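Where a number appears in this text, it was derived from the coordinates with a stated rule and is not lab data. Bear in mind that the values here come from a model prediction, so they are computed numbers and not experimental data. With ideal geometry, Cβ positions are generated from the backbone for all residues, glycine too; neighbour counts draw on all protein chains shown.
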């Protein structure tokens, strides 16, 4: 709009000079129609060339990565200490919040006690195997002795050297001894199966108890929240006495990271016809009136929310003549690629120079960008 008004103003001055200042031509109805017709086409062509060969937008923003600080505690827990002030810069690993540890320390102690008990039970299982094997050996010895006695009395009874009752007694004892051997063998198998119940070579009960210890230690560690990386918390609203955990699913603070910011500018889709990566760019940020920063196109984000249909039970509702979504263009600034001096949310205008249409197109757009930058000294007009 600014450059269009500028073109109209220049054309009006030229007409004034020709028809009124130096009276090179006499103004009449015919020249009025011709002047309007020529001016309209000049303005139309200039606007078209500018839009496609030097696309421009006033919807550019510095985007900074944020991390939602959310306590991961399963029980209602009270906040005890806050170590960070509002807008205070912190380094990765610095303490941010400390929650009450009593319940989680007790759960860890209980889990560690259960682990010791499970380890002792694992050792007992090995002793059970040895005991069952001894019982099996004893039963097998009794079976062998009873078999010998049955064989001896089987030979003596027909000769009258022993009574039939004695043979019957040893026959019964042999049957009992065989049953004892079978029972002892089953006990050995049971003891061996119990000892062989392992996860990655560790007794199953010990592994389960160790998992409970790890879980208890995890939640105890979560009672202290540390900075995930270098950055700052813009708005510090959490205060000691705040209770989190249980059913709370929201964050208590937004952590703004220092690393990996980027500048995005949105353009109408048709204006990106000739835009490609590495083309030169100029950016004028409202926070720095009068300054124009140079850069280049990094990438075009060729997608908007209008290109997504979320799974649901509803039939898609396509609104006729719905406004088109703009595409975002990621821009890298030459002066400060890491955007260290630019706060998140900084707004500004951006122009991309595709090189098409002739040098005059770029010149007009550069004038447009500098007008925007210098007008920022006045707008917004709030005295």
(request) Just the number, please: Stokes-Einstein D of the range 331-373 in µm²/s, Kirkwood Rh from C-alpha pairs, 37 °C, 0.692 mPa s. (result) 267
(request) Residues in the range 47-65, backbone N under 20 Å from the label point at residue 302 (7 Å along the Cα-to-beta-carbon vector): list them, ranges by number please. (result) 52-56
(message) Neighbour counts of other C-beta atoms within 10 Å: give me 148, 359 arranged from fewest to most.
(response) 359, 148
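Using the beta-carbon distance between residue 151 and residue 176 and R0 = 22 Å, what value does 1/(1 + (r/R0)^6) give for FRET efficiency, to the nearest 0.05?
Values: r = 17 Å, r/R0 = 0.76.
Calculated value: 0.85.
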(request) With label points built 7 Å along Cα→Cβ from the Cα atoms of residue 185 and residue 137, find their separation and express it in nm. (result) 1.8
